[in-house]
Amino acid sequence: MNKPSGSLRLPWAALVMVVACAGAALWLLASLMPWERFYAEAYQHSEHRASTRWPPRVVRAEFIADRLWIRTHDYQLWTVDEATGETRRLPVPSPALDICRASGRPVIVTQGADHWSLLEYTDSRWSPIGQVRKSGEPLVGLACDDDGVNLLTTRRLVQFSNGTSITVRLSPIRVPSMQRRTVGSTPRAIFVGFALGEWGGGLMRIDRATGQVTDLRSNVSGERCGGPLNPECDPVTGVVQRPGAHDCAIAAAGLMYGFFRGRLIEVCGASIRTFYLGPCPEPQHFDGSTAPDGEPYCTEVWGGVVRAGNHLVAVGNNGLSRIDAEGRLQSREPLPPFKSYGPFLLAFTPTQ
């Protein structure tokens, strides 16, 4: 009998199939994990976590009525008074999953056994806006605007306005649980930005009338990290409506991984273009050369953007930049010193 000799060799096709099956199994496992139980456990053990040496991490913050409202990683809600510095944890009936500002008041979505609850803070207490029954899909986030409050899941967009709600079914959204997300809106669309650091991110648009979901991308040069919007290389850290343009959004993007690359991106219908590029934060280390798409290799990395009246305020490596509705820089200033407010280090600065 002949004995086999040599090492076992798999054909490339079989190896690719093994890797693909392993990746699919991991994705399925992550999708089936009981994330909502983790929400409750994180909330229940927050008292213990607060007493440890690890401070609460800021997940989302909104400045509302002279106070900074902070949602932390353990689903707690904090407020910081800018004038007095008073910092306190605000009681919430159940885990606070997200927060936004509607008509000058804070709105949160909380976790229930079989539903999500929307609550508005008025007269020093939480008042119900409505409930959304769960249907086996994860929550993506909240977006508030002049028209009301929008609750987004991976299958539905529920829009609350004037005491009524409208539910729009969506084409499928795939949202990995580990991604940092930011949600913004215009009168016609909801935008969801993703940030995965050196693994990129991306931006999607959801039509508020039809539920159609579109992955937004534009690679003018065709290069691996060509822009202005490339999910493989552009973590999106903020999305707001462009001042003076109801159907246009501005997304902030930035990647700092051995180099500096970022931009503010305008999305208007099918048009995707660079809205503003900040200067290289370390010009002494770069020769001023440009990428194949014509943009400098080194540009400012943006950590977020907000709308303030008829202009934008964006925070980046170079500090705080005020940019008008046409994409022109109005002013730039360094960030003020950070100070301790309870467990947080914060810096307040006027946006007007």
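Return the FRET efficiency for the residue pair GLU82, SER221: r is the Cβ-Cβ distance, R0 is 51 Å, and the value is rounded to the nearest 0.05.
The value I calculate is 0.70.
When ligands, DNA and RNA are left out and all protein chains stay put, how many square angstrom of accessible area per residue does the range 99-250 have with a 1.4 Å probe?
In whole numbers, the range 99-250 has 45 Å² accessible per residue.
Go through the range 286-352 and name the trypsin sites (Lys or Arg not before Pro) that are in a DSSP coil and have 12 or fewer other Cβ atoms within 10 Å of their Cβ.
ARG328
Kirkwood Rh over alpha-carbon pairs of the range 161-255, then Stokes-Einstein at 25 °C and 0.890 mPa s: what D in µm² s⁻¹, rounded to an integer?
Answer, rounded: 174 µm²/s.
For the range 57-93, state which GluC sites (Glu not before Pro) are in a DSSP loop and have at most 12 other beta carbons lying within 10 Å of their beta carbon.
Taking the range 57-93 and a limit of 12 other Cβ atoms within 10 Å, the loop GluC sites (Glu not before Pro) found are GLU86.
The values are calculated or read from the model by the stated rules, or taken from the named source; none is laboratory data. These figures come from a predicted structure and were not determined experimentally. Glycine also receives a Cβ, built like all others from the backbone with ideal geometry; neighbour counts cover every protein chain displayed. In case anyone asks, the SASA skips ligands and DNA or RNA and just uses the protein heavy atoms, side chains included. Shrake-Rupley method; radii C 1.70, N 1.55, O 1.52, S 1.80 Å.
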